[in-house]
Each structure stands twice: as C-alpha cells, then as structure tokens.
1. Out of the residues in segment 220-234 meeting the condition of being buried (at least 24 other Cβ atoms within 10 Å of the Cβ) and within 15 Å of the chain's Cα centre (by Cα), tell me which one is nearest to Leu393 (Cα to Cα).
2. Looking at segment 70-86, which of the residues that are outside any strand (DSSP E or B) and open to solvent by less than 50 Å² (accessible area, probe 1.4 Å) is nearest to Gly34 (Cα to Cα)?
3. Which of the residues that make up segment 83-116 are in contact with a helix residue (DSSP H, G or I) (Cβ under 9 Å, 6 or more places away or on another chain), over 17 Å from Gly184 (Cβ atoms) and either modelled with pLDDT of 85 or more or of a type in the set (Lys, Arg) (or both)?
4. How many of the residues making up segment 387-400 are in a loop (DSSP other than H, G, I, E, B) and either at pLDDT 95 or above or open to solvent by less than 10 Å² (accessible area, probe 1.4 Å) (or both)?
5. When Pro223 is evaluated against the numbered criteria (1) in a helix (DSSP H, G or I); (2) at pLDDT 95 or above, which criterion, by number, is the only one it fails?
6. Output the number of residues of segment 276-312 satisfying the condition of being open to solvent by 10 Å² or more (accessible area, probe 1.4 Å), farther than 23 Å from Ser439 by Cα and either free of Cβ contacts under 8 Å to residues at least 24 places away in the same chain or in contact with a helix residue (DSSP H, G or I) (Cβ under 6 Å, 6 or more places away or on another chain) (or both).
7. Looking at segment 252-264, can you tell me whether even one residue there is at pLDDT below 95 and open to solvent by less than 10 Å² (accessible area, probe 1.4 Å)?
8. Please tell me if Val218 is touching a Leu at 6+ places or on another chain (Cβ under 6 Å), modelled with pLDDT of 95 or more and within 22 Å of Ala144 (Cα to Cα).
Amino acid sequence: MKNLRRKTLAAASAATLGVGLALTGGLAPAAAAGPDTSYLVLAPQGANTSKAAARVAAAKGTVVASYDQIGVLVVRSTNPDFATQVAGAGVDSVATTAGLGTALDEGETVEVSAADVAAATGDPTKEPLYGQQWDMNMIHVPQAHAVNSGSANVVVGVLDSGISSSHPDLATQIAKDKSTSCIGGVTNTTEAAWNPTTSDHGTHVAGTIAAAVNGVGVTGIAPGVKVAAVKVVNDDGYIFPEAAVCGFMWAADHGMQLTNNSYYIDPWELNCKNDPRQRPVWQAVQRAIRYSQSKGVLNVASAGNSNYDLAHKITDTGSPNNGTPENRENLTNACLDLPAEAPGVVTVGAVGPTGEKSYYSSYGQGVIDVTAPGGDTRYRTQGARSTSTDAILSTTFNTATRTNGWGYKQGTSMSGPHATGVAALALSAHPGMTPGQLSSFLERTSVAQSCPSGVYNPVPLLGDAYDATCSGGARNGFYGAGMVDAYNVVK
C-alpha cells in the first residue's frame, strides 16, 4: 500500500532505571522502575472512574487526566507490571500508548515570497492573493460571501499542530478563550502552549477555514466564524491517542460546533478493533467522538493520502510507522482509519484543479462522504506538468524563523478544512442543526461528480503506480456525494 503519510519514528530513548537500595535486615532490594509510560485505562461503558482510579493508585500509577464523562483515564507509571496489576473490577481495558504516536503528514510547504506578496493586486474585495486561490472559485466561495460569510457564533476546533496567534490573517479569527494544548492528554490553555512550535500545518488549515477579509493575504471560506486552536501534535510531529481523546472532549465541553481533523490516530494506518493491542485505543477514541456528537459537534476528517481503497481493506503492509512494519493480511472492515471512519464523522477526499481525484487521495464507496479541493501538483491525466500553484494557498508560519506568511500545501489535510469551512457557513446560515442534520445537509448540497471510466492513473510518467478504480453512480467511491459547495449551503 502506497502511503504518503508516514515518517519513521526515531528509536525510543533508553529507559531510565531507578536503582533499588539494598537495606539491612535481609530485605530484598526494591524492584527496578521501568520507563515513565503513558496508558489509557478504561472503566466499563457507562461506569464512573472511581474504581479504576483506585486500581491505578494501587498499581503505582498516576492519573494525569480524568475524562469521567466517558470513563477514560490517562495515566503515567514507571511500574513495568502496571498493565497487569491494574486489571480487575472497575477496569474494562488498559493499553500503553508508548510507541503509538502517529506522524503528522506535513507535506512540503512552498512559501510565497515577500516580493510576490507585496506585488499581489487581487480584487480587494477578495484579498490580494485571492487570484491564486483557485480552490475558492471551484466551490463558489465568492457567491456564498455575497449572501453569508459566516457567524462569530460558530466556533471550529482545529485539532492540529497549533495556530499562529500573531498571523495577520488569523489574529482576529482565533477564539483564544477556547484554545488549548492537549499534548499528553492534559490541557494547557496558555497562549504559548497552543501556538505552533515545529509545524505550520494547523496554521495552514485554519487559514483555509477562516482567514480574515482584511486587505491582507488570502481569504478563508468562512471568515466570519471563529477558530480555536486545539493542539494535538507534539514537537516531534506525532499525534498520540490520549491527545486526540483530549481534543474531542475539549471541543465538546467548550461550545464548538465543528472540529477539523487532518490526521489519523495510531501508527497502524488501520486500527483493528478486533486486535487486543489496538482495541482500547479504538474504544477510547470512539467514546470521545460519541460524546462530542452528543454535545452538538460535527467532526470532519481527512480520508488520507495513501491512494488506498478504504472500502476493500485486505492488507496493511506499511504499519506501524514507529518500527518494523508488519505484513497484516486478510483484514476486514473491523479495521478502520481513525478518526475518518468512526461513525458519524464526515470523511473527505481530495481533488486537484481539474476536479479529478488527487493522485494521493484515499477513496472507497460508502466511506468517502464528500470531496473538496486538496491540490494536485503531479502529472495530470493529460500528461501536462503541474506546478506548486496547483496546491492550496493558505496561511503559514515558518517555525525556523518564527515568521508568518503564506504558502502552498497539498493533501487531504487541505481538502478536509474546505469541507469544514463550508459546514461552518451552513451553520451560520441555518443555526441549530444537529450534527446529523448538518452532515446530511452538507451531502445534499454537494455537486455530484461522476466516476472516471476504467482504471484511473493520473500520474503515468512518474514511475510510481497510483492506479485506482472508482465504483458507484451519483454517489461513488472517489467523490462520495460530490464536491462541497459554499453557495449551495447559504443560498
């Protein structure tokens, strides 16, 4: 399986061992401590966490975050036998999350030079760099803005690598009182904590959703709404399950109506709930997602950049991404791409400037709900070479120089926020929709896209095979219900 989302996780640091002190009187030395390790400890569904917390303490663990609403504890322990000792009455399942960090697919950022920014003379009603935002015309954003450009009552949680609060296109757009870091599964609401440190991915995503119309840079799809930074990507570029659980719970309890999720959880691209190693992660994440939905949150997620048919899961040969890949075969639909395939989550594929499926975009009939611009900077079907401007232009933050700017990225990480932005406009125009109603409305207002005929291979000159076969009719495996449309949701 071709996977463009992978990084190789550096070897784990050596365990810090505590040396037992030999005591007089014939007592055996204390057992050596193991590495300080994170765990998810789950109480039975519907039960509170009091019994589980007591067992954690007895097994020499420390609760660092308690999500009583869903019966999930985030725990740290140096006890090498913690997982065995904590099991019992009041504990449904336990799993260490050590090594379960998933690499964020950063993708290359092609920055727009300061000279080009200064020389940009786009329509002032649409921002100076608007002329390079082909994606906005594709989904009829100008027509939508003539009717509704978004309401400040709508807050979108960007579960990502943080948002630059000093960016001129975003400084007025961030709901600072609803922003937090969730690294380690623990919230930290200081502004420095939720700003980007080693990645501008979240800043790029936020700009697509809500960059201001202020005569500077680019425009977002819904510049009238607010975005909240919910930082789930650590400084090494990894998302751990406890951070994702924290992010969904934070959004649910802080009045957000939408979240954007341009990542996947677990170093196995496919999380198999029938695998005892992975099931506790599935349970914890699913509980958090269900809770957020019960609080009125619609979660939108990118389909992934592996050109993988998610409707026909047979093998996963590129996982885990934190060690030697295992060759898992004869998989079933018990194996899911999380959070994209969790029930109730809107799953978004990607297209390039031609409107055809991007070469990298994962797909699958019954899995992809809608599609949106994500960029495509490789050879197109016609054999013409595309350029960086065929990617998505949005806000950036150079983490080396600590400067703000604008630049291009591509991926389903970019198509997801287009769908999220359109959903934010829909809520602005039609407040009060439940997550289910909003999801259905987003699909009904999308513009159907037909399958290409035969086997689709958009990059025949690259030497790599990106073959894909589209199945289905008006609703199909490449495009789902179709291309999201900003005007259709507000008119």
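1. Among those that are buried (at least 24 other Cβ atoms within 10 Å of the Cβ) and within 15 Å of the chain's Cα centre (by Cα), it is Val227.
2. Filtering segment 70-86 down to residues outside any strand (DSSP E or B) leaves 70-71, 78-86.
Cutting the leftovers down to open to solvent by less than 50 Å² (accessible area, probe 1.4 Å) gives us 70-71, 79, 82-83, 86.
On the way: Ile70: 29, Gly71: 26, Asn79: 6, Phe82: 10, Ala83: 12, Val86: 16 Å.
That would be Asn79.
3. Gln85, Val86, Ala87, Gly88, Ala89, Gly90, Val91, Asp92, Ser93, Val94
4. In the first step, residues of segment 387-400 are kept if they are in a loop (DSSP other than H, G, I, E, B); the result is 387, 391, 399-400.
Still in the list and also either at pLDDT 95 or above or open to solvent by less than 10 Å² (accessible area, probe 1.4 Å) (or both): 391.
Selection size over segment 387-400: 1.
5. Just one mismatch for Pro223, condition (1).
6. Total meeting the criteria: 1.
7. If we filter segment 252-264 for residues that are at pLDDT below 95, which is where we start, we get 262-264.
Filter once more, keeping what is open to solvent by less than 10 Å² (accessible area, probe 1.4 Å): 262, 264.
Yes, some residue in segment 252-264 is at pLDDT below 95 and open to solvent by less than 10 Å² (accessible area, probe 1.4 Å).
8. Working: touching a Leu at 6+ places or on another chain (Cβ under 6 Å): yes; modelled with pLDDT of 95 or more: yes; within 22 Å of Ala144 (Cα to Cα): yes.
Answer is yes for this residue.
The values are calculated or read from the model by the stated rules, or taken from the named source; none is laboratory data. Since the structure is predicted, the reported quantities are computational estimates derived from the model, not experimental observations. No Cβ is skipped: glycine too gets one built from the backbone with ideal geometry, and neighbour counts run over all protein chains shown. These area figures cover heavy atoms from the full protein model, side chains too; ligands, DNA and RNA do not enter into them. Shrake-Rupley method; radii C 1.70, N 1.55, O 1.52, S 1.80 Å.
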